[in-house]
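The values are calculated or read from the model by the stated rules, or taken from the named source; none is laboratory data. Everything numeric here is computed off the predicted structure, so don't read it as measured data. Here the Cβ is made from the backbone with ideal geometry for all residues, glycine too, and neighbour counts use every protein chain on show. Surface accessibility is based on the protein's heavy atoms, side chains included, excluding ligands, DNA and RNA. Shrake-Rupley method; radii C 1.70, N 1.55, O 1.52, S 1.80 Å.
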Amino acid sequence: MSTNEPAMHIRRLLEKWVERRIILGAQVFYQHHDEECHIVAGEAASGIDATPDTVGRIYCTNKSVLAVAAGIASQEGVMTLEDRVARFFDECTPSMAEVKISDLLGHSLRLPPTLYKKVLCLDERARLIVASASLQEGGAHYNAQTTSAVLGAILEKVYSLPLERVIDEKVARPLALPNLALLPRSRRQYVPLHRRDGSMKFVPMDDEARGLHAANPGQAGVSTVADMGVLYADILSSLEGQGILLVPPTVTRLLQNGPSVQLYDFGRRSWGLGFQRDLSRDLLGDGWGPDTFGHLGTAPRRIVVLNVADPGSRRILTVRFFSAVSDHIVQQLTAIP
């Protein structure tokens with residue numbers, strides 16, 4: 001099937017939702033095999049038309065970037081995914097000393113979600129976390145901010161570089177992704193999620209300011225959906241030994257399924273690439289295969305970013321909504337004919 005029919009389906013839906021003021025606007029990258037489409041609709045901010053080059057915050061989907069960087073570090077021999085956190089920090093609580101890097105790629109640790117979120121230095125935040133954190137009783141917690149701070153600090157240590165440069169040198173440059181960065185770059189237009197009147201949902205501005213910080217790498221990260229689409233395309237190619245960043249054993253390890261976990265009120269999710277497989281089966285529309293993986297970016301409980309890839313059909317869909325949307329919108333958009 002040509003990409004034309006799915007692209008027209010996506011465009012019609014987005015234009016309808018913009019007209020009805022259900023969404024402010026959106027940016028979409030769709031690829032099936034080697035054919036790709038770039039789709040935009042509506043506005044990126046009030047009075048600013050969305051374009052394929054509009055750079056926005058990618059929220060929790062930056063965890064995919066961190067996971068890929070961790071995989072690259074393991075390939076280069078500066079660490080392994082089975083290394084324990086205690087290797088990288090002088091002081092650890094007994095429970096944190098036993099944590100492996102691979103454990104940081106999931107929510108099974110039962111850590112509190114936002115430890116030391118006001119600390120402005122990534123290394124200091126990670127040091128405080130591992131020196132004081134204890135695993136909680138009960139179900140899993142949405143602890144992406146906590147675990148990504150530890151992982152980000154470890155990447156800084158093994159490369160002796162700021163995390164922003166690690167992402168740039170190990171992920172962005174090899175794939176020629178001009179907009180992918182930990183933080184907004186100077187002289188590049190950056191469009192946050194804005195308040196809107198009427199029925200549109202928005203992110204409180206304090207969330208935007210707090211999330212985009214170098215000490216919060218799991219929720220920082222800015223890019224375009226095209227950049228994220230290229231990243232996910234390389235992950236698919238890596239499964240077949242034709243990727244740029246990862247080799248098949250590494251990417252297979254990162255995509256390995258774990259048990260379903262309860263994340264507060266998010267429902268049951270099975271975790272895979274990055275920190276968790278956010279995409280439960282009932283969130284996506286029909287037609288996605290059983291090995292589908294990806295990430296959601298939420299703000300704070302409604303969806304603003306979606307990355308999804310299906311190795312079976314070699315299909316990729318990455319979306320940036322410029323106003324937050326419900327699960328129902330995602331279900332409709334991903335039901336691609």
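Observations, loosely collected:
- Look at the range 313-337: where a residue is more than 22 Å from P52 (Cα to Cα) and open to solvent by 30 Å² or more (accessible area, probe 1.4 Å), no partner that is of a type in the set (F, W, Y) and in a loop (DSSP other than H, G, I, E, B) sits 6+ places away or on another chain with Cβ atoms under 6 Å.
- Number of positions in the range 35-54 that are assigned to a strand (DSSP E or B) and not charged (D, E, K, R): 9
- Enumeration of residues in the range 10-57 that are open to solvent by 40 Å² or more (accessible area, probe 1.4 Å) and touching a residue at least 40 places away in the same chain (Cβ under 8 Å): R21, I22, H33, E36, H38, E43, S46, I48, P52, D53
- Condition check for A176: open to solvent by 50 Å² or more (accessible area, probe 1.4 Å), part of a loop (DSSP other than H, G, I, E, B) and of a type outside the set (K, R): yes
- Tally of residues being surrounded by 17 or more Cβ atoms within 10 Å (Cβ to Cβ) and either at pLDDT 85 or above or over 13 Å from the mean Cα position of the chain (by Cα) (or both) across the range 271-292: 4
- Count of the range 120-143 residues which are of a type outside the set (D, E, K, R) and either modelled with pLDDT of 90 or more or under 20 Å from A73 (Cα atoms) (or both): 8
- So V203, is it open to solvent by less than 60 Å² (accessible area, probe 1.4 Å) and at pLDDT 85 or above: no
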